[in-house]
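J.: Structure provided below as structure tokens; questions to follow.
The values are calculated or read from the model by the stated rules, or taken from the named source; none is laboratory data. A quick note: this is a predicted structure, and the numbers were derived from the prediction, not measured. Every residue, glycine as well, gets a Cβ built from its backbone with ideal geometry; the counts of neighbours run over all protein chains shown.
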Amino acid sequence: MGSSLRIDTPVGSLWAEEEDGALTKLLFAPTSEPPAQTPLLLRARLQLEEYFAGRLREFDLPLRPSGTQFQLRDWEALRAIPYGETRTYGQIAAAIGDPKASRAVGMANNRNPICIIIPCHRVIGAGGKLVGYGGGLDVKEYLLRLEGCI
């Protein structure tokens, strides 16, 4: 059985979940369950606070997202996008070896269970347009501005 913790951030409340010592979810839609504090969840909260304060560029947390093989490859490619940089859906598709899978990349990003830490906000449309983000385009814009991308 895992533990969970609500984390308040400048972009709203997030809901973090861990199981067996790895972060499994960080979602924009927190539940109303009472928070449980574990060392890992407290570390995740601290790192998110540091990120939003502009003092952290790389998260150092054990992650274990659940998904299909394609989703897992996509999410790993997202984690390779450096802080302050963006990639297009096509670039991510090419990076995972399926250059014609831009739409599938978009769907995998939409299913990302660990927002911000697996940075799907760093993926933009081919023309540089901000498109698609589970937390809303205003949050995507906020995160990209925080990182100096726009």
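J.: Looking at Leu5, Leu46 in this structure, which one is free of Cβ contacts under 8 Å to residues at least 24 places away in the same chain, over 30 Å from Ala126 (Cα atoms) and aliphatic (A, V, I, L, M)?
T.: Working: Leu5 fails: free of Cβ contacts under 8 Å to residues at least 24 places away in the same chain.
Matching residue, one of Leu5, Leu46: Leu46.
J.: Determine which member of the set Ile81, Ile124, Ile96, Ile117 is touching a Phe, Trp or Tyr at 6+ places or on another chain (Cβ under 6 Å) and modelled with pLDDT of 95 or more.
T.: Numbers: Ile81 fails: touching a Phe, Trp or Tyr at 6+ places or on another chain (Cβ under 6 Å); Ile124 fails: touching a Phe, Trp or Tyr at 6+ places or on another chain (Cβ under 6 Å); Ile96 fails: touching a Phe, Trp or Tyr at 6+ places or on another chain (Cβ under 6 Å).
Going through Ile81, Ile124, Ile96, Ile117 in turn, just one is touching a Phe, Trp or Tyr at 6+ places or on another chain (Cβ under 6 Å) and modelled with pLDDT of 95 or more: Ile117.
J.: Within the group Ala77, Ala53, Ala94, Ala108, which residue is in contact (Cβ under 8 Å) with a residue 24 or more places away in the chain and aliphatic (A, V, I, L, M)? Walk me through it before giving the result.
T.: Numbers: Ala77 fails: in contact (Cβ under 8 Å) with a residue 24 or more places away in the chain; Ala53 fails: in contact (Cβ under 8 Å) with a residue 24 or more places away in the chain; Ala94 fails: in contact (Cβ under 8 Å) with a residue 24 or more places away in the chain.
Checking each option against the conditions leaves just Ala108.
J.: Another question, then. Quick check on Ser32: is it at pLDDT below 95, over 21 Å from Leu143 (Cβ atoms) and exposed (fewer than 15 other Cβ atoms within 10 Å of the Cβ)? Working first, answer last.
T.: Details: at pLDDT below 95: yes; over 21 Å from Leu143 (Cβ atoms): yes; exposed (fewer than 15 other Cβ atoms within 10 Å of the Cβ): yes.
Yes, satisfied.
J.: Then there is this: For Leu46, all conditions in the list (1) under 18 Å from Leu146 (Cβ atoms); (2) surrounded by 14 or more Cβ atoms within 10 Å (Cβ to Cβ); (3) among the aliphatic types (A, V, I, L, M) hold save one; what is the number of the exception?
T.: (2)
J.: Restricting to region 110-147, give me the number of residues that are small (Gly, Ala, Ser) and under 23 Å from Leu61 (Cα atoms). Talk me through it step by step, then tell me what you get.
T.: Our first condition is that a residue be small (Gly, Ala, Ser); within region 110-147, this holds for 125-128, 132, 134-136.
Restricting the remaining residues to those that are under 23 Å from Leu61 (Cα atoms) gives 134-135.
Qualifying residue count, region 110-147: 2.
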